[in-house]
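The structure under discussion appears below in the form of structure tokens.
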Amino acid sequence: MRLSLRFIVPLVLVLAGVAYAVLPVADNLTVRWFVRDLEIRANLVANTIHESVRELDQAGQPERLVQFFAKIAEDERTYAIAFCSSAAARPVATATLPSAITCADLDRFTQPEGQIIQTPTGRLLVSVRPLATDRSPDGRLVMVHDMSFVERRSAETRRYFFYFFAALAAIVSLITVAIAQLSWRGWVQGTRALLRGEGLLRPAAEAQRREFQPIASDLRELIRDITGERQPRDAERAGWSGATIRGILHDELREQEVIVVSNREPYLHECVDGAIEVHRPASGLVTALEPIMRTCSGTWIAHGSGSADREVVDRHDRIGVPPDNPAYRLRRVWLTEEEEAGYYYGLSNEGLWPLCHIAHVRPIFRAADWEQYVAVNRRFAQAVADEAASADPIVLVQDYHFALLPRMIRETLPAATVVTFWHIPWPNPEAFSICPWRQELLDGLLGSSILGFHTQFHCNNFVDTVDRLLEARVDRETFTVSYRGELTAVNRYPISIEWPPLPMHTTRPVDACRLIVRARHQLPPEQLLGVGVDRLDYTKGIEERFRAVERLFERQPEWIGRFSFIQIAAPSRSGIEEYRQYQARVRAAVDRINRRFDHGGPPAIILLVSHHEPDQVYEYYRAADLCFVNSLHDGMNLVAKEFLAARDDERGVLILSQFTGAARELPEAMIVNPYDSDQCAAALNAALLMPEHEQRARMRLMRGLVGEFNVYRWAGRMLIDAASMRNRGRLLKRSGQAE
Ligand code: G6P
């Protein structure tokens, strides 16, 4: 609207100015035209009545002449008419002749400027013509025209002018605003396309691409200046990839070793019917980190939780992974049942998980769990020390399971660069301060050189929490915290996925996936499908999602039997009562809704409570018409990004909760409030009706963004920041030594 006003206001002002200047000129012109017409008329009348006047004058019958004039003056424009036989005579005239007109001073009416006189009844035009008769050789005819009709016309003209300019202003404003809006949209799309390295039109001609490349580089440079982000040359040229990460490790980090620590391991060995199977866990963290580790090798330390994990490791509890083509080392850490119960189920998932997510589940804090948490963090710190081949490795600590680990690593390896990434939201200081070990947790995290969150909002919350709860110096300009003489940088690194993701190399065409999935669930080929993929976790809003499907069928019963929703739900943390209850509630909701809308045809909701490998999940993404992600609160949510990556056909609609980090990056998704079932149902309806061209347009923008802002960029930016920090540290040390 502001953009439109910027055009409309000056336009209307200019047009009003023009109208103001033009009106008197037009008025003047109209008067002149009418005067000229009346003059011609006066000539005509004089010529026509000449003979009659001559005869009546000759006959010496002034009364008849007056009668004759009175007849002519019946015409509405003729006000009066008179005959002056000489300058000394009294005019023979109709009664209407103004007294100001006498035969003695007729000459003044022969001047153009003297022709118009003002009388109490209005303006009059006086025209004098010679009319000689035998008796009066100096005779003159005086014709007085009523000018009031000219004024009426002029007022009318002014009114027309006003309407004309008003209409003109409206039309020109409309056209201008429409063009401005289109150009603005085009410009925004063009800029985004440029930033993604495409041309303004798709597909971009090579020449056009080259032409716009400098502008794209300038824009990227500008963005980097604003965000203070550094980017290596090859990422700038070809986008972020595994090669970029290798380049950073080689050039900036001089092949320094990288150690990753997380609770969840990237590969689990499970004993199934006496045979060992390799499983990939349903974890956003693993999805993001695994491609990075495949690229940069190094060591990944994680809890060995698979039933056959111990059987496959070497005597140092290590194994090369991925199993079919080892690229890095997985070091497994074993936990007793008691440790797992206290550290993983207890403090991590009954305490910190609900504490950080606003999902209205009350956190539980037990002192015994805290003790296990401290002990297990110490165990992992020992594992880092064991695995480190140098005194200053780069250690990437993952998530809320290891809040104490950064400080512990710093104690054993003071020269290490510890980069911690918190994969879940960080709450506001009031919410966080209910944790009995709030200070210990903050103290532990501030052992990191860099601490990362998905969004700026979470960075702000963290810094506010530190400011409120610790004796630390917070610099909000550089976003650093100085605590115990050490500096921690708090940065935003939005996590993402590999691009293209691994399953896309082997997946079937979209049409085949559509057929296979529908056949698998005995659905007709034309059945419309929605898909949800989550761990069975109360933060994911699965119950709310089903409520939205139910609401859709209530509001638009025409979808019953034509649309089904498939929910893939990976069982998760089932050792926790809250999760067990959640699973029961989800199952009950499906039964209830399916019974309610049972019409003998395809079910409303198909719930698949089991683990699915990534290639199976991608098959569902590709078979679906829409993907519905409605977490009640989520750090990022990679399912949203995976769905986009899966749709190389540029079809399908993403419905996304406003409470995910992903919603900040993907405004082209249909953004919804998961608590508002009417709004979600309306979004489902709109998604099912969305025309193909709109799906394509939205998909292109979102796929372009995720393709560029992929997981290599996420990791690459952290590694570059770590490298700068190390270089700065080295420089300071050297200058300190020199002093
Ligand atoms: C979230 C957490 C991860 C965790 C994943 C799966 O994404 O941030 O740390 O790995 O959920 O949960 P799980 O408890 O099965 O590892």
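The values are calculated or read from the model by the stated rules, or taken from the named source; none is laboratory data. A quick note: this is a predicted structure, and the numbers were derived from the prediction, not measured. All Cβ positions, even for glycine, are placed from backbone atoms using ideal geometry, and neighbour counts span all protein chains on display. Only protein heavy atoms, including side chains, enter the accessible area calculation; ligands, DNA and RNA are left aside. Shrake-Rupley method; radii C 1.70, N 1.55, O 1.52, S 1.80 Å.
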Relative contact order [Cα under 8 Å, 6+ residues apart], the stretch 2-153, whole percent: 22
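Report, in debye and to the nearest 20, how large the dipole of the chain comes out about its Cα centre when Lys and Arg carry +1 and Asp and Glu carry -1 on their Cβ. Working shown, then result.
Numbers: 87 positive and 94 negative charges, 246 e Å.
The calculation lands at about 1180 debye.
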1.4 Å probe accessible area per residue over the chain, in Å²: 46
Peptides 5-17, 495-507, 62-74 ordered by average Cβ neighbours within 10 Å, highest first: 495-507, 62-74, 5-17
Virtual paramagnetic centre 7 Å along Cα→Cβ of Arg123, amide N under 15 Å, in the stretch 136-176: 145-158
Cys with no candidate disulfide partner in the chain (beta-carbon separation under 4.7 Å rule): Cys271, Cys296, Cys356, Cys435, Cys459, Cys513, Cys627, Cys680
Residues whose placed amide H lies under 5 Å from that of Tyr79, excluding near-sequence neighbours: Val144, His145, Asp146
Distance from the stretch 267-309 to the stretch 540-588 (C-alpha centre basis), Å: 28
Share of carbon and sulfur in the accessible heavy-atom surface of the chain [1.4 Å probe, %]: 54
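Within 10 Å, count the other beta carbons around each residue, average over each peptide in 589-600, 276-287, and list them highest first.
Highest mean packing first, the order is 276-287, 589-600.
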Potential lengthening between Leu13 and Ala519 on full extension [0.36 nm per residue; Cα-Cα distance subtracted]: 175.6 nm
Relative contact order (percent, whole number), the chain, Cα cutoff 8 Å, 6+ residue spacing: 9
Relative contact order of the stretch 502-708, pairs being alpha-carbon contacts under 8 Å that are 6 or more residues apart, as %: 25
Only Lys, Arg (+1) and Asp, Glu (-1) charged, at Cβ; the stretch 502-708 dipole about Cα centre in debye: 300
Computed E for Gln456/Glu255 - FRET, C-beta separation, R0 25 angstrom, nearest 0.05: 0.15
Potential extension, Arg159-Tyr20 segment - 0.36 nm per residue separation minus Cα distance: 48.8 nm
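Please list the three semi-axes, largest first and in whole Å, of the ellipsoid equivalent to the stretch 303-379, using sqrt of 5 times the eigenvalues of its alpha carbon gyration tensor.
Details: eigenvalues 181, 45, 18 Å².
Over the Cα atoms of the stretch 303-379, the semi-axes work out to 30, 15, 10 Å.
Write down, largest first, the equivalent ellipsoid semi-axes of the chain in whole Å, where each equals the square root of 5 times an eigenvalue of the alpha-carbon gyration tensor.
Details: eigenvalues 1608, 204, 107 Å².
Whole-Å semi-axes of the equivalent ellipsoid: 90, 32, 23.
Any chance you could run the full-extension gain for Leu608 through Ala415? It's 0.36 nm times the residue separation minus the Cα-Cα distance, nm to one decimal. Spell out each step's value before the answer.
Values: separation 193, 0.36 × 193 = 69.48 nm, distance 4.80 nm.
Stretched fully, the Leu608-Ala415 segment lengthens by 64.7 nm.
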Residue-by-residue Karplus 3J(HN,Hα) for the stretch 606-622, coefficients 6.51, -1.76, 1.60, Hz, glycine and proline x: 10, 9, 10, 8, 6, 6, 10, 6, x, 5, 6, 4, 5, 4, 5, 4, 6
Under Karplus coefficients 6.51, -1.76 and 1.60, residue-wise ³J(HN,Hα) of the stretch 62-72 in Hz, glycine/proline x: x, 5, 5, 5, 4, 4, 4, 4, 4, 5, 5
Cross-link reach list, aspartates and glutamates versus Lys540, counting only Cα pairs under 14 Å and skipping chain neighbours closer than eight places: Glu578, Asp634
Hydrodynamic radius of the stretch 502-708 per Kirkwood, over alpha carbon pairs, in Å: 17.0
Those aspartates and glutamates that a straight Cα-Cα span of less than 16 Å connects to Lys733, excepting residues fewer than 8 apart in one chain: Asp392, Glu486
Estimated 222 nm signal from helices in the chain, with DSSP H stretches of n ≥ 4 weighted -39500 (n - 2.57), rounded to 500: -15500 deg cm²/dmol
Residues in the stretch 545-564 reached by a label modelled at Glu694 [backbone nitrogen below 20 Å; 7 Å Cα→Cβ]: 549, 552-553, 555-560, 563-564
J(HN,Hα) series, the stretch 46-55, from Karplus relation 6.51 cos²θ - 1.76 cosθ + 1.60, nearest Hz, glycine and proline x: 4, 5, 5, 8, 3, 4, 5, 5, 4, 5
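Order these peptides, 655-665, 404-414, 481-491, by their mean beta-carbon neighbour count within 10 angstrom, highest first. All intermediate terms of the calculation are to be shown ahead of the outcome.
Values: 655-665: 23.5, 404-414: 20.2, 481-491: 17.6.
My ranking of the peptides, most packed first, is 655-665, 404-414, 481-491.
Taking 1 over the mean of 1/r across every pair of different Cα atoms in the stretch 2-153, what Kirkwood radius in Å do you get?
17.5
Based on the Cα gyration tensor of the stretch 32-106, what are the three equivalent ellipsoid semi-axes, each the root of five times an eigenvalue, rounded to whole Å and given largest first? List each step's numbers first, then the result.
Details: eigenvalues 83, 47, 31 Å².
The answer is 20, 15, 12 Å, longest axis first.
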Virtual spin-label span in nm between Glu76 and Asp134, 7 Å along Cα→Cβ: 4.1
